[in-house]
Amino acid sequence: MANDEQRHAVAPVSGPAPDTGRPGKHVPERKCILSGAHGARAELIRLALAPDGSVLPDLRAKAPGRGAWIGVDRAALETAIAKGKLKGALARAFKTGDITIPADLPERIEQGLRRAALDRLGLELRGGAVLTGSDRIAEGARRGQVQLLLHAADASEDGNRKLDQALRVGLDAEGSDLRGVVIPADRTILSMALGRDNVVHIGVTVPAAAARVADALGRWCGFIGRSESASALRNRSAGSIGATEI
């Protein structure tokens, strides 16, 4: 019977797009110290040990020294902390018992992933890969230009439905359940992230940008326990975005 960590293992926690490169190219894998599951480095979260013994999230996996990797969601992480399992696993990984786990470690990870996802949207907007405004998105979607369609958490069902239909028309997918993805950020948060007024819907038009956005959002959603939505986001081409609400 699966233990708690295995049941809450993110499958996987999506991060920056793994560099699969050419067919057969090796993608380095790491093992989650809690669940034992293996995944690409970009699919797990790295924890680093500060000089004072504090355990800190290293979401970009850039900190020097030995690291430990986790691929479970927040609920499983909090349970592992409460039961002392995380400290034991970290002591083995870092080969020292002189470890301090901040009480807010799960919150730090969640906020870091949230910030990374919203920052990614802003970067892609500045790079010219993002459409905002219902009319512009609808026009682009009908032309088959929208690779990833996102809706704010407080978007109206009617507004979502109209853009979802435009997406299906543009991708010759009428009659299917293809639709955009409702993300865990309301219009106020999205407007601040993109520096625009009243951002309710987002259309990403460049395939590579859509992949980057979906990966960042999927990583965040996976950690907060919305694994079905994370999986839908990983199917990031417009033709395979699922109907799951985040």
Candidate aspartates and glutamates for bridging to Lys83, where Cα separation is under 19 Å - those fewer than 8 sequence places away on the same chain excluded: Asp4, Glu5, Asp73, Asp98, Asp104, Glu107
Residues with amide H under 5 Å from that of Leu148, placed H, sequence gap 5 or more: Val204
Projected-area average for the range 108-240 over all orientations - Cα convex hull basis, square nanometres: 7.0
Only Lys, Arg (+1) and Asp, Glu (-1) charged, at Cβ; the range 66-148 dipole about Cα centre in debye: 300
Extension gain, Arg161 back to Arg115 (0.36 nm per residue minus Cα-Cα distance, nm): 13.8 nm
Contour excess over end-to-end distance, with Cα ends at Ala103 and Ala91 and 0.36 nm allotted per residue: 2.6 nm
Beta bridge orientation in the range 41-103: antiparallel %, DSSP, nearest 5: 90
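A short reminder: the numbers here are calculations on the coordinates, not readings from a lab. Given the structure is predicted, the values throughout are model-derived calculations rather than measurements. Neighbour counts run over all protein chains shown; Cβ positions are idealised from the backbone, glycine included.
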